[in-house]
Amino acid sequence: MMVTGLLGAGFVLAHMLGNLQVFLGRDAYNDYAEFMQGLGGLLWLARGGLVAILILHVATAVVLFRRNAGARPSHYAGLKQRKTNLAALYMTELGIVLALFVVYHILHFTVGVVSVDFNGVNHYELQQITEHGTRRDLYTHFIISFQQPAIAIFYVVASIALGAHLAHGVTSAFKTAGLAIGRWKVPFEVLGPAFGVIIALGNISMPLAVWAGFIGLE
């Protein structure tokens, strides 16, 4: 759980930083997308590794959940939570939301079967003309997607869920590793929530910027 969680957190950070290039405009974002697609076999290897990490993380969560449930088959007569937060109480529910979001996100930005406009044109297949020829215009796909309220709202909600999941998960990982102890206890306990907030705000900033008109097709 700790290893797959930290590897996943690292990917989430890198993925967010890459997508934030949308603020630099069409050319910069499409350059980034073209570079990623140009990795070829390495890209598919990375995707395979991420799928393996996700499956192991979910499988570990299921095993731990069943182990905890089996350790006490009967419920407490009374239970009062102490020194915890909402993210810790609902990690399983947050995980389910994120698993569904990952599937949707892959269909949206990787496969391109989501976000077809009313004229039946799949924005994922739009092309940008450059001095070197044509390439996929994922910038336009990005902007038009988030101009649709349902998609934008779903991404905002999923980003909040991701931030909450990371806020508790990263802190727990450091505790499991034995790092959040002694004089390092408070810094590592702050690092997890801070990381979660940064990821949530970074991801939320993109659909909100499209809504507000800070970035667009012009």
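The values are calculated or read from the model by the stated rules, or taken from the named source; none is laboratory data. Quick caveat, the model's predicted, so the values are computed rather than measured. Here the Cβ positions follow ideal geometry from the backbone for every residue, glycine too, while neighbour counts run over all protein chains shown. With ligands, DNA and RNA removed, areas are computed over all heavy atoms of the protein, side chains included. Shrake-Rupley method; radii C 1.70, N 1.55, O 1.52, S 1.80 Å.
State all residues of the range 129-184 that are of a type in the set (D, E) and either crowded, with 18+ Cβ neighbours inside 10 Å or in contact with a Phe, Trp or Tyr (Cβ under 8 Å, 6 or more places away or on another chain) (or both); if no residue qualifies, say none. The one that is of a type in the set (D, E) and either crowded, with 18+ Cβ neighbours inside 10 Å or in contact with a Phe, Trp or Tyr (Cβ under 8 Å, 6 or more places away or on another chain) (or both): D137.
Residues that are over 23 Å from L54 (Cα atoms), in contact (Cβ under 8 Å) with a residue 12 or more places away in the chain and in contact with a strand residue (DSSP E or B) (Cβ under 8 Å, 6 or more places away or on another chain): find the helices (runs of 4 or more DSSP H) completely inside the range 126-218 holding 1 or more of those.
Helices (runs of 4 or more DSSP H) meeting the threshold: 138-146.
Working only within the range 1-42, note down all residues that are within 30 Å of V63 (Cα to Cα) and free of Cβ contacts under 8 Å to residues at least 40 places away in the same chain. Walk me through how you get there before you give the answer.
At the first step, the residues of the range 1-42 found to be within 30 Å of V63 (Cα to Cα) are 1-16.
Hits for the range 1-42 are V3, G10, A14, H15.
Take the residues in the range 24-59 that are under 22 Å from L166 (Cβ atoms) and of a type outside the set (A, V, I, L, M), then tell me which one is most open to solvent (accessible area, probe 1.4 Å). Only one residue fits best here, namely R47.
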